[in-house]
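Report on the following structure.
The values are calculated or read from the model by the stated rules, or taken from the named source; none is laboratory data. Just so it is clear, the model here is predicted, and its values are computed rather than measured. So basically every Cβ, Gly included, is an ideal-geometry build from the backbone, and we count neighbours across all protein chains shown. For accessibility, only protein heavy atoms count, side chains too; no ligands or nucleic acids. Shrake-Rupley method; radii C 1.70, N 1.55, O 1.52, S 1.80 Å.
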Amino acid sequence: MTVFDQYRNLLFSIAYRILGSAADAEDAVQDSWLKWSAADRSKVADPKAYLVRIVSNTALDRLRAASARRETYLGPWLPEPILTSGEVPDVAPALLLVLENLTPLERAVFVLREAFAFSYDEIAEAVERTPESVRQTAHRAREHVRARRPRFPADRDRQRAVTERFFAAATGGDINTLMELLAPDVTLWTDGGGKVRQAMRPVHGAERVATWLAGVGSRPYEGVRPDQMSAALVELNGGAGVVFSGAGRVIATITLDLDDDGRVAAILNTANPDKLAAIRSGVVHSL
């Protein structure tokens, strides 16, 4: 195994958390490999630190470019879901969506500190800032994230149980059960990217969300009838999620974010075909 291959999974994990896109993360890793290949490695004292610096800055450059594109994105923008194995609490789609509120630098510092426990000195070297500047940036990022996330994230067993009940109620058109599961101020985010039919704005409130879900489950979607669709409960981004398929293709994914009381506070429905490539590939990421 080469030195780069030894750290490839780490580099993808960093890039994915910074970018929220598996495709962009793979590109960032490939760019990092090209820079690594061209480097004078006889002068590299710490290959891991060197590679983390390369991928962090490459991901930052890509995130800055992506931020401009996302401003003109049709409808809500959601992170790209991936299949995972094992507990990975810090890549939940709802958290990645919260990270969209950070500046690119805040996001990179938050990821390196909170997800990988790098020291402030190590992060400063990676993002080419002073340790004190990094410390302040990390503090701002944590405050932003804490203000938008539940204090007590749901455990895996509870999330899976709620997802199973939600899945059964949504596919069965059971509005009563949906209303029991949904928090009063629940928000449904649907990402079709303008390429498939989805709500162009977030849907707010339990009654409106339940009605929307029941309606979608009772009519054809992109030429696929409800009786032609299949759904599987899988592990997406470190937690339970649902993958919908039909007519030989992956149609959409759904993941849930729960509030402190275990009710569904947010539903993230990704249907943009461009964002389902990682699911179609069947590759399971160990992050």
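Within the stretch 187-196, at least one residue is surrounded by 15 or more Cβ atoms within 10 Å (Cβ to Cβ), hydrophobic (A, V, I, L, M, F, W, C) and modelled with pLDDT of 90 or more.
Scanning the stretch 197-219 for residues that are surrounded by fewer than 17 Cβ atoms within 10 Å (Cβ to Cβ) and without any contact (Cβ under 8 Å) to a residue 24 or more places away in the chain, we see that the one that is nearest to Leu268 (Cα to Cα) is His204. Ala168 meets all of the listed conditions (1) within 30 Å of Gly215 (Cα to Cα); (2) surrounded by 15 or more Cβ atoms within 10 Å (Cβ to Cβ) but one, namely (2).
Listed here are the helices (runs of 4 or more DSSP H) enclosed by the stretch 1-118 that have at least 1 residues being more than 27 Å from Gly282 (Cα to Cα) and among the aromatic types (Phe, Trp, Tyr): 22-38, 47-70, 104-110. Every listed requirement among (1) open to solvent by less than 60 Å² (accessible area, probe 1.4 Å); (2) over 24 Å from Asp260 (Cβ atoms) is met by Leu236 save one, (2). Would you tally the residues in the stretch 108-122 being surrounded by fewer than 23 Cβ atoms within 10 Å (Cβ to Cβ), among the small types (Gly, Ala, Ser) and under 25 Å from Lys275 (Cβ atoms)? Within the stretch 108-122, residues that are surrounded by fewer than 23 Cβ atoms within 10 Å (Cβ to Cβ), among the small types (Gly, Ala, Ser) and under 25 Å from Lys275 (Cβ atoms) number 1. Scanning the stretch 50-87 for residues that are farther than 21 Å from Glu106 by Cβ and of a type in the set (A, V, I, L, M, F, W, C) yields a total of 4. Of all the residues in the stretch 65-107, those that are open to solvent by 10 Å² or more (accessible area, probe 1.4 Å) and over 13 Å from the mean Cα position of the chain (by Cα) number 20. Among all residue pairs at least 6 apart or on different chains, which show Cβ distances below 9 Å where the first residue, located in the stretch 172-189, is without any contact (Cβ under 8 Å) to a residue 24 or more places away in the chain and in a strand (DSSP E or B) and the second is among the aliphatic types (A, V, I, L, M) and open to solvent by 80 Å² or more (accessible area, probe 1.4 Å)? Listed by first residue and then by second, the contacts come to nothing, as the list is empty.
When you scan the stretch 147-160, do you find a residue that is aliphatic (A, V, I, L, M), part of a helix (DSSP H, G or I) and either out of contact with any helix residue (DSSP H, G or I) (no Cβ under 8 Å at 6 or more places or on another chain) or in contact (Cβ under 8 Å) with a residue 24 or more places away in the chain (or both), even just one? The answer is no, given that none of the residues of the stretch 147-160 is aliphatic (A, V, I, L, M), part of a helix (DSSP H, G or I) and either out of contact with any helix residue (DSSP H, G or I) (no Cβ under 8 Å at 6 or more places or on another chain) or in contact (Cβ under 8 Å) with a residue 24 or more places away in the chain (or both).
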